[in-house]
Each structure stands twice: as structure tokens, then as C-alpha cells.
Amino acid sequence: MKRRGSLHLAGGLLIAILGLVASPAAAAQPTIVRLPAGEGVQDCGGAAASASTVAAADAASPDYIFCRGAVGGFAIQGFGSPGEVQTFTVTQTVAGVLSFSNYRDGLYTETIDVTVIILADGSGVSDPFYVKGESLGFSVFSACSPSRCAINQFGILVANVAAMEFQAINSPLDTNPNAAGGLRIFPDKTSAGDTVDRRQVLVTATLSSPQPNVTVYFKAFDMDDPSSDVGPVDSNGVVGRDNRGLQNLDGVVSVQTDANGVARVILTVTMQPGDNYRIAAACMPDYLNSLLVMGTDLVNAAGSTLPTDDANTTPLLTVWRRVHIEVDSMGAVAGNRITGTITRAQYKKRDNQTVFTLSATLPDDATRFLGVPIAIAGVGSLPIVAYTRQTVTVAGAVGGSPTGKAFTLVDDDDFNLDDGANPDGDQGEDPPAPDLSLIQNSDDPASNVFAPAYVRPVYDLPGEGAVSFVLNEPGYGSMLLPTYNFNAIGSEADSNFWTIYLIGAYQPAIAEDGDGENNVFLGIVDSRLGDGQGANVFFESLKEVGTGPFISNAATTAHEVGHLFTGDHTDLGLMSQSGSRISLSFSDVTLDRIRSLVHP
Amino acid sequence: MNMSKMKRSILALMVLSSLSAAAVAAAAESSVPAAGLSVEVRPVRQDYVLGEMVKLFIRITNPSGRAVTLPAAPSVANGGLRVLVAAPGEGFKRYEGPGWGLQDVAGRTAVELAPGQSLEAQATILYNHHQETGHLAEPYAARIARENLTTDFGFAKPGTYRIQVVLAGGEPGADIASVPAEIRVTAPAGADLEIWKALAQDPELAYFIQAGIPKGDPRSSKATQQAQTLLGLLQAHPESRQAVDIQSGIARYNSALQKLKALSPRSE
């Protein structure tokens, strides 16, 4: 049988479309002919081998590859006497692999009869009949009348997408430890200077049979957030389309299989933690468009969960982010111990107080030294009842000729509670780094409060260790910045490489350091709407307040880092003010903020 | 037990029960710190021009017959007070000034309001601190835009605005909102317009004015340049309505620089 592009006038439109010309030798032999795709036939492409004439093709080299559920149209061309009615029965070699119908949308059965009416020219073409790929396997179908069989048969391999997987490209994939499992990807940079695009992951779809050039269709789905089905984390319940990153996933992509029957596409994920995906693949695009997201599953129109015989899916893939934390602490305490000499001692009889004038200048703090004893050599330790920057007042008259004597004035600060009966103002003692026990490099929410937000702290940025000691912060907001030594500041606004600075500090500004004041700041950040750089944790403040289950160095550290992620006190949970906190977990409001941020 | 004794016992039980119920009710009522309080907001004036800082007086009153204890004196700095602004034709959205919501106070911070007693606080509105949303899918960006002002200024265009202050109640649904106050913001002219143009071109100048420090390291060249810009505006337009606030901002900045100079630790 030859194919030509020319028309054959006899035999009607079908012959014209087929462009077939019967050779004299084959004129008496009925032939099964394949309808072109343009006739409304839906198939998956495949090896369009010429129909075999005698020997049936085998599964390794089928004549056609049908996707499971795909339908191909055929017809029978017969020859005989004008007016003759020939009835061919279509059968197959392996029951159940194919099914047949006289109508495309009709009932498909194991066999059908196809009628050919011979026209005046001695040939005739049947109405189209349809073959459906019913189940996986290989079968040869043929058509025979009581007196003769079509000279050709078609070996059809029915295949589907048997397996799908994600494969790492530039970002390793590991197990997602949060709800619904699946795989996890960290699409962010591995270092500030990293130029590799790590957002991409390879998706492979493998056919049930290793056949090349089969068209496979892929579609990405924004799956439901499994961590919640209520706002603010997930306001639309189980239906998906709740990824926070801006992305268009509506298209269907087609790719042909390679020699191994594998088709590949690349998925580019967003950068928002918690965004998740499944990719479905099938041989027919309409099937993909009928899939629905139900929680973290894909279901077809009949309600069956993928994978089905008609389509397959990857596991769930979830985006996680790292936050790189540069940690420093202030150097040794200084300035809490003041020495000098008493230059003048004046007894004020009316007040029954003695005022000492000092050779040293006291800090500009109205309450720090109230009640703190001034130790005067040869005189003793006397509690201070009032002071200015240059004078100290004690109660009563003071004997022992204090003028000219050396004095020592020590703030009662003791951040590590090691002074006992000998206060030394922490002189020379080194505030350590903040307690990281709630922001560890871990997937366990008990040791990483950011894990429910799909964020993992990482400590790979070298700090200074010890930075310049500051007795009291000069102020708040950007006034904190000069006290930082933030080596990674160049990347602090990089949305693909999250960095923050964390410093173990001594105490806040004078008005809030608890030395006589009622209000104490346990920690602070310089800003909190995605434009902050760092967080301070004040060790001396924590000592002033005293710690408990919800007020601690660790809780304060996590709370302040939460501020850098736009956490707000009104979020409650761990973001509550220390005095009213009853939880060490971030609330859903805070988790939503963390996952919506472009960078801390 | 005789009848009268029984009646007395029953009566005693009933009294005890009602007292317990009252105690439970009282406990439940006071478990929300701000329950029973009222909050008012009053702008210093009713009329402003664009680029002018609006100052608010806020009063928290205990109109009830019993004392109410708050964990700390509410302020915009510690997040105990929030300010909402409704632009002309729009609903209320959260306004956030520089440094708001950062102060985590602890210690002996509890404040008791006796019956009839009031607390006062202040807030200013000029620069609006808002977060980026361009990277977000539409539902999330829209939600943030619905709930928060997304402009660089609290008042970004002329019109009549409503301002509301919310006292954080400490529990979901327990917040207490003030009756809104109204202000009129008009288009600036003359010197006021020149100031507004400068702020519109660099909103961080507004941050500087309001916070008294720049956004970023105060010792940076950028901060120095901003200070010089503000000083230049002040000198060029001393008659502008924004002049007093600009002058105050510069003065606070200079004071901040002095503090930063003294950062090195004290030596013995």
C-alpha cells in the first residue's frame, strides 16, 4: 500500500483524505486504514510505523502506541462487486488490551462488526470504527469477513505514565519533615555569592514501556497547605492554589519520550517557604485539565486519587528556606566599676546627709546607683541615696576623713549571678552569645520554632565572636546599628539568601535597663517589616527580670528573631510581650507573616 | 436538723453559690487585661497639609467601677496601641510608624487604672512603614493591602481621613477601638509644597523627621546627606508648616550622634 498526496476520485471523500491509491495487485484485498488525526481522533502520537502487511508487530516495535484511554479511528477499504455488502469482524490477539466501537463515543466491546458497501467502481470504504487502548499491554487487531481478511493488522501497544519522580538539579532533595511528607527543596542560595539557580527541579515521567517519541503531557499543581485549613495560614481550605509565591501554573507542557520511554520537564519553584507542588503527567492533556486538588492529593473527575491508569503524579514537593544567622556577643563588661578619689566631703546638717564630690564622672543615669554602696577606703561602704554626675550623697555624717580617700563604686549588675556577696559589676566578664536552643538548625519544632513555617536557621556565617562592649545601648531603631559588626550585611536585603544578625548584648538604653526603672527591655531589633538587620538579647535585663518557662534567654532570642520576620506583639503566641507570654510557639498569625516575607 | 436550721443552711449555700458565681464572673471578666476600658483619640488639630506630621493624643480610661490592671502602659512603641487610618472612601487600615511595636517590656511593668483613672499616650503619623508584597500571589498581597496601608505616608493624598486607635486586649477579639477622629489633609502650596515634593521624592526623609534618626546607620554618608537635605529645606522654607518638625528631627539626630560618639566603653 502506497501513500501519496494525490487525490483518488472514486471511493468518496475518505479515499481523498487518505490519498490512497490501490495497486492492481492489491485491488482485491481489503485493507484496514488509519484515519488521520485531523478526523477527530485523539491519540498520543507514537511510532507511526507503516501498517505491517503480514507479520504482526511485537511489543518492542508496535505499529502504534496508544495511551491508556486514547482512541484511534480506522476504516476498512474493501473491494468486490458493486452493491456487495461485506461485513468484517474486528478482533484482537490479546483480550482486554483494546476495545472497539462503531462510534467514537459509543459502547466499546471486545469485538465489533464493520460493514463495507462496495460502490460502482468495485471498492468501498466503511464508516469509521474506533479502537481504544483499554488496558496496558500489546495486542494485534485484525478484521476479517467470512470470506477474507484485511491484508494488514495493527500491533498496538497500550501504555501509560507508569512512574514519576523529582530529581535534584542544583538543590538536593530530601524528606519533608512537616505535615504530608513528600520531598523538600531549599531553592535559596548556599552562600551570598552563589550564582547558581537552585529553584529548579527535574521532573521525569516514565512510560510503562520504553518507547521513544511518545508525547507526554505535564501539568503542575499548587497543592493544599497541609499545615492548616483555616486562615490566616490557609484561608481556602483543602482546594490548593494557596502558594504564596507569585507563579502561573495553569499551562500544560508536552514533551516527547526518549529512547528509554522517559519524558522530562523542569519545575521552577517559588521562594516562599511552605509553597508546595505536585506534577501530574498523562498521555492526554484533557485528562490533566480535569484533575482536581483535594488536600495534598490529585483526584480525577471520577474521584479517584492519582496515580490512576490514565495519569501519574510526583510526590509532594515543598519549599523550605534557610535563614543564615551571624552570631556575635559583646566583649568583656567594662564601665560598671568606677574608681577615683573623694575630692570633697560635705555634711549637710539640715538633711543629715553627706555629699561627696568625686574625681570621676558618673554615667548619666538617674537611678543606676541608688541603693548601691560606695566603698571608701578606710571609711566603709555607704549606700547611696542620691547622686549627680559628679557627686554622691549618703545618709548621715561620715567619719574617717573621707576626703582624699579612694572610692570604688560598683553597679549591682550581675548578669550571670556569680557575684555572691562581692558585687563586681560584672567587670571583665564576657556576655555570651544568645541562647539558640529554640532556633536550632533542626526540623524539630521543639528546638526550631521556625520549623512550622518551613524555615531552618543555619549558622554558617562567621561572626566576630566578641564585638565592642557597650554598657547601655545608645538608643533603639537604627541607633543599634553602630553597635553591630555585621559581616554579612551585604546580603541582608537579598531575597534569595536570608541573613540576620544576632548579638548577645548587656543591657538596653539607660531608661529601660532595670537599674531602678520599672520597665526593662529583654531584647530589641532595629526594625521589623523586612528591613531590619539584627536582634539584641540583653543578658543583664534577663537577670533583672528573672526567668521562667516563658521568659528566658531562649524565648527572648526566638521572639526577637521573630520580629525580624515581621512578627508583632499582637500576634500572641511566642510574639506576645514577655510579661504576658504563655506559649513558646509562634501563632498562626506569625507563621503566616514568616511565610509571606520577601526577606527578614 | 430542724426546719429553720435547714432554711438557714440552704440560704447560706445560695449566698455562697452566688458569691462564687460573681467571683467566677469577675475572674473571667478580668482575665482579658483591657476589658472594660475605653480609648479615645484626639488629633492636635483638624487641618493639615500633605507632608505635615499629625500628632495624636490618646487617652485610655477606666470607666468601670473596679480597678483594671494592664501588663504595661500601652504605647505604639510596645504594640499595646495600634493606629488605623481610613483614606477617603476606604476602610480602616493599619498605619505603622518608625520603630513601632518593637519594645518588649518586662519587669515591674504592670499598670493599674483605678475606677475613673486615665492613662495618656501620644503618637505621630507621617512616614508609613510597610512591607513588600510584589513577590506574593494576589490573594496574599491583597490581604496585606486590605489590612495595612501600603503607601509611604500615612496620608498620601488630600482628603478627609478618619483615624482610629485600638488598644490591644491581649486575646483575639478583645481589642478595644476608639471612636474615629477626622482630619482634613489638603494639598500643600508654596513652601509646604516644596517640603512635600522633597518628602515624596525620598520618603525616608519623612522617616528621619518622625523618628529623629535616619533609616539605616546614623553615621553613614547617606544619613549625613539626608540631614543636610533636611537642613537645607529648613533653611529655605523656615515658614513652612513642616519646619518645626524638621527642626526637631534634626536636633534629635544631632543628639543621637553625640550619644554614638560616646559609645566606647568607660575606662577606670
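Data overview
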quantity: Any chance A:Phe450 is aromatic (Phe, Trp, Tyr) and closer than 25 Å to A:Val520 by Cα; calculated: no
quantity: Tally of residues being in contact with a strand residue (DSSP E or B) (Cβ under 9 Å, 6 or more places away or on another chain), open to solvent by less than 50 Å² (accessible area, probe 1.4 Å), within 14 Å of chain B (Cβ to nearest Cβ) and more than 20 Å from A:Ala311 (Cβ to Cβ) across segment A:189-248; calculated: 5
quantity: Restricting segment A:302-315 to residues that are of a type outside the set (S, T, N, Q) and crowded, with 22+ Cβ neighbours inside 10 Å, the residue that is nearest to the other protein chains (Cβ to nearest Cβ); calculated: A:Ala311
quantity: Test: residue in segment B:149-156 that is in contact with a helix residue (DSSP H, G or I) (Cβ under 7 Å, 6 or more places away or on another chain), within 12 Å of chain A (Cβ to nearest Cβ), of a type in the set (D, E, K, R) and within 30 Å of B:Asn254 (Cα to Cα); calculated: no
quantity: Candidates B:Arg108, B:Arg82 - the one that is within 13 Å of chain A (Cβ to nearest Cβ), over 17 Å from B:Tyr207 (Cα atoms) and at pLDDT 95 or above; calculated: B:Arg82
quantity: Extreme residue, nearest to B:Val41 (Cα to Cα), among residues of segment B:97-108 that are in a loop (DSSP other than H, G, I, E, B) and open to solvent by 10 Å² or more (accessible area, probe 1.4 Å); calculated: B:Trp100
quantity: Enumeration of residues in segment A:498-519 that are open to solvent by less than 10 Å² (accessible area, probe 1.4 Å), on the phi < 0 side of the Ramachandran plot and small (Gly, Ala, Ser); calculated: A:Gly504, A:Ala505
quantity: Members of segment A:448-483 found to be within 10 Å of chain B (Cβ to nearest Cβ), among the hydrophobic types (A, V, I, L, M, F, W, C), open to solvent by less than 20 Å² (accessible area, probe 1.4 Å) and in contact with a Gly (Cβ under 8 Å, 6 or more places away or on another chain), listed by number; calculated: A:Phe469, A:Leu480, A:Leu481
quantity: Selection count where residues are at the interface with another protein chain (Cβ under 10 Å from one of its Cβ atoms) and free of Cβ contacts under 8 Å to residues at least 40 places away in the same chain, scope segment A:561-580; calculated: 12
quantity: Top-ranked residue in segment B:224-250 [being more than 19 Å from B:Ala191 (Cβ to Cβ) and touching a residue at least 24 places away in the same chain (Cβ under 8 Å); ranked as surrounded by the fewest Cβ atoms within 10 Å (Cβ to Cβ)]; calculated: B:Ala227
quantity: Count of residues meeting criterion [within 30 Å of the chain's Cα centre (by Cα), at the interface with another protein chain (Cβ under 7 Å from one of its Cβ atoms) and at pLDDT below 95] in segment A:525-560; calculated: 3
quantity: Breaking point among (1) out of contact with any Asp or Glu (no Cβ under 7 Å at 6 or more places or on another chain); (2) in a strand (DSSP E or B), for A:Ala259; calculated: (2)
quantity: The lone exception for B:Leu50 - which of (1) over 17 Å from the mean Cα position of the chain (by Cα); (2) farther than 26 Å from A:Gly477 by Cβ it fails; calculated: (2)
quantity: Scope segment A:425-469; condition aromatic (Phe, Trp, Tyr) and in a strand (DSSP E or B); matching residues; calculated: A:Tyr459
quantity: Residue that is least open to solvent (accessible area, probe 1.4 Å), among those in segment A:581-598 that are at pLDDT 95 or above, within 11 Å of chain B (Cβ to nearest Cβ) and not in a helix (DSSP H, G or I); calculated: A:Leu597
quantity: Per-region count, segment A:228-271, residues among the small types (Gly, Ala, Ser) and under 30 Å from A:Ala59 (Cβ atoms); calculated: 4
quantity: Search result, residues across segment A:258-275 that are over 23 Å from A:Val196 (Cα atoms) and open to solvent by 10 Å² or more (accessible area, probe 1.4 Å); calculated: A:Asp258, A:Ala259, A:Asn260, A:Val262
quantity: Condition broken by B:Leu126, with the remaining ones in (1) in contact with a helix residue (DSSP H, G or I) (Cβ under 8 Å, 6 or more places away or on another chain); (2) farther than 30 Å from B:Asn62 by Cα satisfied; calculated: (2)
quantity: Residue satisfying condition, being open to solvent by less than 10 Å² (accessible area, probe 1.4 Å), in a strand (DSSP E or B) and modelled with pLDDT under 95, within set A:Gly155, A:Gly124; calculated: A:Gly155
quantity: Complete set of residues in segment A:484-497 that are touching a Lys or Arg at 6+ places or on another chain (Cβ under 8 Å), open to solvent by 20 Å² or more (accessible area, probe 1.4 Å) and not polar (S, T, N, Q); calculated: A:Asp494
quantity: Breaking point among (1) modelled with pLDDT under 95; (2) touching a Leu at 6+ places or on another chain (Cβ under 8 Å); (3) within 13 Å of another protein chain (Cβ to nearest Cβ), for B:Leu102; calculated: (2)
quantity: Condition met for B:Ser248 (of a type in the set (S, T, N, Q), part of a loop (DSSP other than H, G, I, E, B) and either away from chain A (no Cβ under 14 Å) or within 17 Å of B:Pro158 (Cα to Cα) (or both)); calculated: no
quantity: Condition check for A:Val398: open to solvent by 10 Å² or more (accessible area, probe 1.4 Å), over 27 Å from A:Arg244 (Cα atoms) and more than 14 Å from chain B (Cβ to nearest Cβ); calculated: yes
quantity: Residue tally, condition touching a residue at least 12 places away in the same chain (Cβ under 8 Å) and within 16 Å of A:Asn416 (Cβ to Cβ), over segment A:541-553; calculated: 7
quantity: Pairs with Cβ under 6 Å, 6+ apart, first in segment A:158-183 and surrounded by fewer than 20 Cβ atoms within 10 Å (Cβ to Cβ), second acidic (Asp, Glu); calculated: A:Pro177/A:Asp443
quantity: Selected residue (criterion: nearest to B:Asp104 (Cα to Cα)) from residues of segment B:56-72 that are surrounded by 19 or more Cβ atoms within 10 Å (Cβ to Cβ) and out of contact with any helix residue (DSSP H, G or I) (no Cβ under 9 Å at 6 or more places or on another chain); calculated: B:Leu70
quantity: Scan of segment A:549-564 for residues that are touching a Lys or Arg at 6+ places or on another chain (Cβ under 6 Å) and buried (at least 23 other Cβ atoms within 10 Å of the Cβ), ordered by number; calculated: A:His563
quantity: Segment B:111-148: number of residues that are in a loop (DSSP other than H, G, I, E, B) and either open to solvent by less than 20 Å² (accessible area, probe 1.4 Å) or more than 12 Å from every other protein chain (Cβ to nearest Cβ) (or both); calculated: 8
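The values are calculated or read from the model by the stated rules, or taken from the named source; none is laboratory data. Fair warning: this is a prediction, and the values are worked out from it, not measured in the lab. Because the Cβ atoms are built from the backbone with ideal geometry, glycine has one as well, and the counts that use them run over all protein chains shown. Ligands, DNA and RNA are excluded from the accessible area calculation, which covers all protein heavy atoms including side chains. Shrake-Rupley method; radii C 1.70, N 1.55, O 1.52, S 1.80 Å.
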